[in-house]
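Undergrad: A single structure is presented below for examination.
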Ligand code: GLP
C-alpha cells in the first residue's frame with residue numbers, strides 16, 4: 001500500500017506512468033481527479049507523458065472530487081478554474097468530458113445528489129487520485145463524515161479553512177462550504193492513488209499510518225479498499241520512517 005519516493009517529482013513520474021498505461025489500454029478511462037498543490041507536479045508530468053506518447057484523451061471522462069460553494073467556474077480559486085488551467089486546456093479535454101460539482105447551483109443539495117448518480121450512471125470511476133488535508137480529509141470529507149456518505153454539501157472545518165485560505169486574498173474570502181464526493185463514492189473507485197508530499201504532511205501521514213479505520217481520520221477508510229496505493233515523498237514519510245523504519249513500510253507495500 002505505501003510507496004516512499006524521494007521527492008514530489010519522482011511521485012509525479014510514477015503516478016503518471018500508471019495513468020498513461022491505463023489510458024493507453026483503456027482510452028475510455030473514467031478518471032477521478034483531485035485539486036490542491038500536491039496535484040500540480042502530477043498534472044505537469046502527466047501532460048508531458050501524454051504528449052510524449054501521443055495518447056488520445058478524446059474518450060477520457062473525468063470526475064472531480066469537489067468544488068467550493070459560491071465560486072463560479074470562472075473564479076480563479078474555483079476548482080473548475082484550477083483543473084482547466086492545470087490539465088484540461090493543455091490536454092484539450094472538452095467540457096463534455098468533464099464532471100465537477102457546480103458550486104453556484106441554485107439547489108446545492110440537489111446538485112450533490114445528482115453528482116453521485118452521474119458517477120454511477122457513467123459506470124463508476126476506474127482510477128481516483130487523492131490528496132490529503134492536514135486533518136486527514138479526502139475530497140472535503142472532514143473528520144466525522146460517515147463512511148457511507150455520498151456526494152454532499154459540507155461545512156468546512158476551521159483547520160481546512162485556515163490551510164486553504166493561503167490561496168485567497170484574505171481569510172474572509174475563503175468559502176465556508178463545499179460540495180464533495182462522499183467517502184462511499186470514493187471507495188467505489190476500482191483503484192485509488194493517494195499522494196502525500198511535503199514536511200507539512202508528515203504528521204498526518206504518521207496519524208494515517210497508525211490510525212485504526214475510523215471516521216475521525218477520514219483517509220483511514222482507504223485501508224478497507226483492496227486496490228489502493230499511497231505515495232509519500234521522503235519529507236512526508238519522515239515521522240513514519242523515524243518511528244517504524246523502512247522494513248515495516250516495505251512489508252506494507
Ligand atoms: C483541498 C482539497 C483536497 C486536497 C487538499 C490538500 O482541501 N479538497 O482534495 O487533497 O486540499 O491540498 P494540498 O495538496 O494543497 O495540500
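Undergrad: Using Cβ contacts closer than 10 Å as the measure, can you line up 200, 137 from fewest to most?
TA: 200, 137
Undergrad: Counting only DSSP beta bridges with both residues in segment 83-208, tell me the antiparallel percent, nearest 5.
TA: That works out to approximately 55 percent antiparallel.
Undergrad: A follow-up question, please. For the residues 195, 153, what sequence is obtained by ranking on other C-beta atoms within 10 Å, fewest first?
TA: Placing the least packed residue first, the sequence is 153, 195.
Undergrad: Among 214, 106, rank each residue by its count of other Cβ atoms within 10 Å, from fewest to most, as a rough exposure measure.
TA: Sorted ascending by nearby Cβ count, the order is 106, 214.
Undergrad: How high is the relative contact order of the chain? Use alpha-carbon pairs under 8 Å, at least six apart in sequence, and give a whole percent.
TA: 24
Undergrad: Let me ask another. Which whole-angstrom value gives the distance between the alpha carbon centres of segment 16-39 and segment 86-119?
TA: So the two Cα centres are separated by 17 Å.
Undergrad: Relative contact order (percent) for segment 1-46, with alpha-carbon contacts under 8 angstrom and 6 or more residues of separation? Please report the intermediate quantities before stating the final value.
TA: On the way: 24 pairs, mean separation 27.1, N = 46.
This gives 59 percent for segment 1-46.
Undergrad: How large is the convex hull of the C-alpha atoms of the chain per residue, in Å³?
TA: 118
Undergrad: OK, next. Which of the three applies to segment 79-134, rounded, prolate or oblate, going by the alpha-carbon gyration tensor with a ≥ b ≥ c and a/c under 1.5 meaning rounded?
TA: Rounded is the answer for segment 79-134, as its axis ratio a/c remains below 1.5.
Undergrad: Compute the relative contact order of segment 114-253 as a whole-number percentage, counting only Cα pairs closer than 8 Å that sit 6 or more residues apart in sequence.
TA: The normalised contact order for segment 114-253 reaches 29 percent.
Every number here is computed from the coordinates shown, using simple stated rules; none is lab data. Here the structure is a predicted model, which means the values were calculated and not measured. Don't worry about glycine lacking a Cβ; one is built from the backbone with ideal geometry, like all the others, and counts go over all protein chains shown.
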